[in-house]
Amino acid sequence: MQVDLFDFALPPERIALRPASPRDAAQMLVVEGHAMRDAIVRDLPACLRPGDCLVFNDTRVIPAQLEGTRGEARIGATLHKREGPRRWRAFIRNAKRLRDGDAIDFGAGVTAAASDRAADGSFALDFAGDEPVELLLERAGRMPLPPYIAAKRPTDERDADDYQTMFAREAGAVAAPTAALHFTPELLSALDAAGIGHATLTLHVGAGTFLPVKADDTDDHAMHAEWGRIDAATADRLNAVRANGGRVIAVGTTSLRLIESAAGEDRVIRPFEGDTAIFITPGYRFRGIDGLMTNFHLPRSTLFMLVSALMGLDRMKAAYAHAIENEYRFYSYGDASLLLP
């Protein structure tokens with residue numbers, strides 16, 4: 001499909017620079033079949049049915065952005081995928097000043113050697129020393145806010161909490177599964193009381209999620225792989241939800257993509273552990289999920305293509321036009337949509 005089909009005009013003032021407070025006070029546009037209605041996130045228990053199950057991503061964002069030097073040159077690095085105990089693949093700013101074998105000093109006693117430059121311009125970084133890399137990043141790194149926020153304000157101490165979900169447990173993501181940022185313990189208790197269950201899986205979100213689609217046709221766009229895991233107990237539970245007439249509702253496109261990677265043509269979700277680079281565009285037949293809660297996404301992005309595959313392109317363009325007209329807040333710190341085909 002032509003990427004231009006997924007374009008739309010978004011006023012820059014609709015981009016949220018901070019999350020709603022409290023988190024579950026964010027607006028939520030409910031798109032169910034051909035109907036749309038305005039709600040807020042804490043209305044979610046009334047928007048779902050007893051027996052439904054929400055699926056959250058329990059990945060934890062690491063301080064994956066680093067600023068360093070190689071000689072006189074300033075080098076920026078954004079880690080995006082772990083390749084070994086001490087090796088991370090990273091997108092590099094000022095990469096033309098970097099060669100295989102160069103050492104980068106990130107300060108605070110943290111250094112890494114660059115090697116294995118890839119066609120996309122990324123390098124492998126091998127961190128020196130014996131300390132766990134996670135500890136090195138805590139000293140020298142900062143939270144990797146999306147570029148459309150970072151371009152408008154600097155990262156600060158609030159982001160260390162704001163950019164983690166209440167489910168964050170498994171360290172390894174360089175971007176938050178932002179739909180789950182809306183959840184609070186109070187909302188989870190209300191969902192439990194309404195008979196709506198929840199489950200967790202792990203997908204370590206990579207920085208590739210922010211990369212623009214540069215191709216003119218979706219067939220020519222290559223997704224970056226991300227590592228994920230669904231254990232056998234979770235797979236069994238989600239299959240049981242559907243067998244009992246409930247719906248599996250992914251919270252965030254990351255949860256959705258991993259469930260779809262684990263589901264077979266028979267619509268059975270199986271245990272999964274490994275990389276996925278699934279790219280979902282209109283025409284895709286969904287096998288593992290029955291609905292999605294997600295934020296509002298970039299024009300021409302793979303994520304807007306995904307929600308258009310779920311609900312239909314015309315319907316999603318109408319929903320986004322409604323959201324813009326009614327002053328919904330967009331992107332990672334923005335408002336939510338509940339999509340029920």
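Numbers for the structure displayed
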| item | result |
| --- | --- |
| Filter result for Ala235 (over 28 Å from Ala118 (Cα atoms), among the hydrophobic types (A, V, I, L, M, F, W, C) and assigned to a helix (DSSP H, G or I)) | yes |
| Any hit, segment 199-207, residues being modelled with pLDDT of 95 or more and more than 18 Å from the chain's Cα centre (by Cα) | no |
| Matching option when the condition is surrounded by 20 or more Cβ atoms within 10 Å (Cβ to Cβ) and under 25 Å from the mean Cα position of the chain (by Cα), among Val110, Val61 | Val61 |
| Conditions (1) buried (at least 21 other Cβ atoms within 10 Å of the Cβ); (2) farther than 16 Å from Ala179 by Cβ; number of the one not met by Glu265 | (1) |
| Residue in segment 139-153 that is without any contact (Cβ under 8 Å) to a residue 40 or more places away in the chain and hydroxyl-bearing (Ser, Thr, Tyr) present | no |
| Segment 177-206, subset small (Gly, Ala, Ser) and assigned to a strand (DSSP E or B), residue nearest to Asp162 (Cα to Cα) | Ala199 |
| Criterion (buried (at least 16 other Cβ atoms within 10 Å of the Cβ) and among the acidic types (Asp, Glu)) met by exactly one of Asp120, Asp130, Asp162, Asp156 | Asp162 |
| Among the residues listed as Pro282, Pro212, the single one being of a type outside the set (Val, Ile, Thr), modelled with pLDDT of 95 or more, in a loop (DSSP other than H, G, I, E, B) and closer than 20 Å to Thr302 by Cβ | Pro282 |
| Test for Ala240: is it out of contact with any Lys or Arg (no Cβ under 8 Å at 6 or more places or on another chain), open to solvent by 10 Å² or more (accessible area, probe 1.4 Å) and at pLDDT 95 or above | yes |
| Any pair with Cβ under 9 angstrom, 6 or more apart, that starts in segment 159-172 at a residue that is at positive phi and ends at one that is at pLDDT 95 or above and among the hydroxyl-bearing types (Ser, Thr, Tyr) | Gly172/Thr59; Gly172/Thr202 |
| Evaluation of Leu137 against (1) modelled with pLDDT of 95 or more; (2) over 21 Å from the mean Cα position of the chain (by Cα); (3) under 22 Å from Trp227 (Cβ atoms) (one fails), failing number | (2) |
| Residue match in segment 178-198 (condition: in contact with a His (Cβ under 9 Å, 6 or more places away or on another chain) and exposed (fewer than 15 other Cβ atoms within 10 Å of the Cβ)) | yes |
| Leu292 being surrounded by 18 or more Cβ atoms within 10 Å (Cβ to Cβ), touching a residue at least 40 places away in the same chain (Cβ under 8 Å) and under 15 Å from the mean Cα position of the chain (by Cα) | yes |
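For (1) under 25 Å from His204 (Cα atoms); (2) over 23 Å from the mean Cα position of the chain (by Cα); (3) open to solvent by 60 Å² or more (accessible area, probe 1.4 Å); (4) in contact (Cβ under 8 Å) with a residue 24 or more places away in the chain, each residue gets a yes or a no:
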{"position": "Gly76", "(1), (2), (3), (4)": "yes, no, no, no"}
{"position": "His80", "(1), (2), (3), (4)": "yes, no, no, yes"}
{"position": "Ala103", "(1), (2), (3), (4)": "no, yes, yes, yes"}
{"position": "Phe106", "(1), (2), (3), (4)": "yes, yes, no, yes"}
{"position": "Asp116", "(1), (2), (3), (4)": "yes, yes, yes, no"}
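The values are calculated or read from the model by the stated rules, or taken from the named source; none is laboratory data. Since we're looking at a predicted model, the values are computed, not measured. No Cβ is skipped: glycine too gets one built from the backbone with ideal geometry, and neighbour counts run over all protein chains shown. Ligands, DNA and RNA are stripped out before the accessible areas are found, and what is left, the full protein with its side chains, is counted by its heavy atoms. Shrake-Rupley method; radii C 1.70, N 1.55, O 1.52, S 1.80 Å.
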